[in-house]
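Okay, so here's the structure we're looking at.
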Amino acid sequence: MARSFSSRKEGPAHLGGSTLQRQKLLFVFVGLTPILLIYGVVRIWPIIRTFSLSLFDSDLVKPEAKFVGFQNYTDLLSDDSFKTAFINTSLFALGTVVASLTLGLALALILTQFIRRSGIYQLVYFLPFVMPIVPVAIVWRWIYDPSYGLLNLFLSWFGIPKQAFLLYPETGLWAIVAMNVWKVVGYNMVILIVGIRNIPLLYSEAAAIDGAGRFGVLRYITVPLLKPVILFVLVVTTIGAYNVFTSVYVMTQSTTASGNDIKILVGEIVLNGFRYSKMGYASSEAVILFVVVMLLTLIQFRFVRSDT
Amino acid sequence: MSMLEFKKVKPDSLGTFGRNTQFRRELWWRIPLHLILIIGAGLMLLPFFWMFATSFKPPTEVVAWPPNFIPENPTLGNYGKVFELMPFARYFFNSLVITLTCMGTICLTSSLAGYIFAIFKFPGINIIFIIILATAIVPFETYMIPLYLLMKEFKAIDTYQGLMAPNLIMSFGIFFMRQNYIAFLPEELLDAARIDGAGEWKIYWRIVLPLSSSALAALAIYAFISVWGAFIWPLLITNSSDMKTVELALAGFQTAYTVEYGPLMAGSVICLLPILIIFILLRRQIIESVAITGMK
């Protein structure tokens with residue numbers, strides 16, 4: 001298709017400015033239209049409709065069966081499942097962020113300040129991040145297995161009896177946090193390493209001349225200058241954690257005690273929207289998720305701006 | 001051996017100054033650090049090792065207690081069994097078709113749109129770009145319900161088109177390619193080609209695309225990894241067993257009444273393998289492109 005277009009254009013060599021401009025315009029129009037069409041259909045329109053749908057009460061046949069205004073949102077306030085899901089997801093995000101940021105920062109500092117030839121470590125620590133979540137969650141579920149799991153083997157070396165980590169939400173949530181930390185810590189590490197490498201050597205050298213020890217330089221120069229990068233990592237990890245679904249779904253499906261499953265935000269959206277066909281109600285939950293992500297992004301922009 | 005070095009180095013390092021000495025003085029620091037890092041690396045790899053080990057164990061060994069780290073009687077039986085217990089080849093084919101097609105469209109749309117947004121200055125183009133940028137941060141999970149309804153209207157539930165729909169375009173890809181063209185595409189070259197009478201499509205096809213091949217390769221890898229790992233959308237949009245992806249099949253398989261972890265691990269290995277191969281072959285480029293762009 002591209003060929004036929006171009007051959008048609010191979011006209012006079014001395015093109016006037018306006019002809020050229022018209023050709024460019026045609027190219028932009030023909031090139032951009034299908035892309036924007038797809039973009040509008042699979043992204044922009046669904047985003048808009050999420051908001052409008054959240055104002056409706058859906059039934060099985062019609063998503064927009066009855067306009068109810070903000071009824072769905074007020075219902076959310078008294079929905080215990082939603083509240084639990086919101087708290088669980090926030091705990092999940094908090095646990096993931098605190099652990100993966102601390103570990104990621106420690107790794108980044110060690111690998112840039114104390115170790116030469118850190119390439120192989122970077123590779124290994126980064127590996128889990130690129131791996132697809134489903135097989136990873138499956139093998140972690142097998143590691144957490146109450147009867148044959150690897151973790152119970154380790155615990156048995158210390159005389160601790162076998163545990164069913166995923167059976168109850170209280171322990172299951174943290175077991176999945178541990179897996180998630182394992183998965184994202186390498187990403188945080190890589191971004192922080194780049195951040196550290198981008199700090200001009202000049203600063204730390206000046207501090208060293210002024211008598212700062214290695215840890216003094218870390219504490220007063222490297223980490224403060226790294227703040228925008230730390231914030232970026234923090235926000236990206238938090239957003240990712242708020243969208244958690246697959247790992248929880250795969251690791252707790254049919255393992256948890258009945259009625260005791262780990263409730264999370266996206267899980268509630270899927271459950272209400274697709275199991276109970278309450279698309280409007282589920283959309284209002286989606287809007288809440290959207291607001292959380294939006295606020296996090298705004299916080300990041302604000303702080304990064306005030307810092308620079 | 002390192003202890004020996006440590007003893008040899010220390011006295012001499014106390015007497016002199018300079019970077020090299022400082023580095024040597026810290027040698028004794030680095031031994032425990034390496035130890036910690038190696039243990040950590042072991043923990044990072046352990047789940048993968050465990051997956052591989054289990055996939056080669058015969059059924060009796062899978063449920064042995066205490067478990068063996070290395071299979072005593074390694075067998076390929078589990079790999080045969082995945083294909084017996086479910087149409088795994090079909091699932092793999094589905095995943096591959098979806099992933100490769102989406103990878104292609106993402107690369108094409110990202111480079112074309114990125115090129116237009118980077119080079120062409122027409123009124124309104126910037127506004128369109130800002131809209132794309134603004135919608136890029138909206139997580140998929142928030143708008144999947146209306147997208148599902150739309151697919152229902154298009155009669156695309158349980159079809160390849162439906163499965164591919166959200167991944168035909170990647171806002172991050174457009175942004176990434178645009179940055180790349182702004183930084184590396186010499187506009188004089190484009191003007192020279194125009195003076196030589198080349199049409200805009202020919203310029204795009206013959207000059208712009210080849211010049212951005214390394215950025216496109218990075219984007220292609222990223223697209224492959226993210227589409228291959230998709231789960232929630234395939235879960236929603238497929239009904240029939242025929243349209244399942246590998247991920248979906250594995251997740252469904254493990255909820256069967258008796259979970260057979262041997263074949264399940266074998267299936268997981270197969271699902272992981274394409275990404276693992278890509279990672280091993282292109283490890284440097286992958287880490288670098290993540291480092292440069294912060295892609296997630």
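Only helices reaching 24 angstrom along their own axis (Cα) with mean Kyte-Doolittle hydropathy no lower than 0.5 count here, and for the DSSP H runs of chain A these are A:17-39, A:80-109, A:169-197, A:279-307. Can you give the net charge of the other residues whose Cβ lies under 13 Å from the Cβ of A:M251, counting K and R as +1 and D and E as -1? Counting the neighbours of A:M251, the net charge comes to 0. If each Cα of region A:133-179 is one equal point scatterer, what is log10 of I(q)/I(0) from the Debye formula at q = 0.14 Å⁻¹? Relative scattering, expressed as log10 I(q)/I(0), comes to -0.31. Do the alpha carbons of any pairs in A:K162/B:K244; A:K83/A:K278; A:K278/B:K152; B:K121/B:K155 sit beyond 27 Å of each other, and which pairs? Among A:K162/B:K244; A:K83/A:K278; A:K278/B:K152; B:K121/B:K155, the Cα-Cα distance tops 27 Å for A:K162/B:K244; B:K121/B:K155. The mean count of C-beta atoms from other chains within 10 Å of the C-beta of residues in B:275-282, rounded to a whole number, is 2. Ordered from longest to shortest, the equivalent ellipsoid semi-axes for the protein assembly as shown are 40, 36, 25 Å, each the square root of 5 times a Cα gyration tensor eigenvalue.
Using a simple spin-label model with pseudo-atoms 7 Å out from Cα toward Cβ, A:I299 and B:I131 lie 3.1 nm apart.
Comparing B:A251, B:A183, B:A217 in a Gaussian network model of chain B where C-alpha atoms under 10 Å apart are linked, the largest mean-square fluctuation is found at B:A183. From least to most packed, judged by other beta carbons within 10 angstrom and beginning with the fewest, B:I287, B:I174 follow the order B:I287, B:I174. Long hydrophobic helices in chain B: the complete DSSP H runs spanning 18 Å or more by Cα along their own axis with mean Kyte-Doolittle hydropathy of at least -0.5 are B:2-15, B:27-55, B:88-119, B:140-153, B:171-184, B:213-228, B:261-281. Note on A:F51 and A:D80: their simple-model spin labels are 3.4 nm apart, each label 7 Å out from Cα toward Cβ.
Counting other Cβ atoms within 10 Å as a rough exposure proxy, the listed residues B:Y91, B:Y160 run B:Y160, B:Y91 from fewest neighbours to most. Residues considered: A:V266, A:V181, A:V250. Largest GNM mean-square fluctuation over chain A, using C-alpha springs under 10 Å, is found at A:V250. Computed over neighbours whose Cβ is under 11 Å from that of B:D242, the net charge equals +1, Lys and Arg +1, Asp and Glu -1. Just to compare against my own numbers: the Cα pair-distance distribution for chain A, 20 Å bins, whole % per bin, please. Over chain A, the share of Cα pairs per 20 Å bin runs 24, 43, 28, 5, 0 percent. Treating r as the C-beta distance of A:D59 and B:V63 and R0 as 56 Å, the FRET efficiency rounds to 0.75. Using Cα springs under 10 Å in a Gaussian network model of chain B, which residue among B:P58, B:P263, B:P32 shows the largest mean-square fluctuation? With Cα springs under 10 Å in chain B, the top fluctuation among B:P58, B:P263, B:P32 is at B:P32.
Other residues lying with their Cβ under 11 Å from the Cβ of A:F82 contribute a combined charge of -3, Lys and Arg counting +1, Asp and Glu -1. A simple spin-label model places the labels of A:V223 and A:S18 6.7 nm from each other, with each point 7 Å out along Cα-to-Cβ. Ranked for footprinting exposure by Cβ neighbours inside 10 Å, fewest first, B:C271, B:C102 give B:C102, B:C271.
Only Lys, Arg, Asp and Glu carry charge here, each on its Cβ (+1 for the first two, -1 for the last two); on that basis region A:174-305 has a dipole of about 100 debye about its Cα centre.
Dipole check for chain A: with +1 at the C-beta of Lys and Arg, -1 at the C-beta of Asp and Glu, and the Cα centre as origin, the magnitude is about 1120 Debye.
Readers should treat all values here as calculations from the given coordinates under stated rules, not as data from a laboratory. Just so you know, these numbers come straight off a predicted model, no measurement behind them. Here the Cβ is made from the backbone with ideal geometry for all residues, glycine too, and neighbour counts use every protein chain on show.
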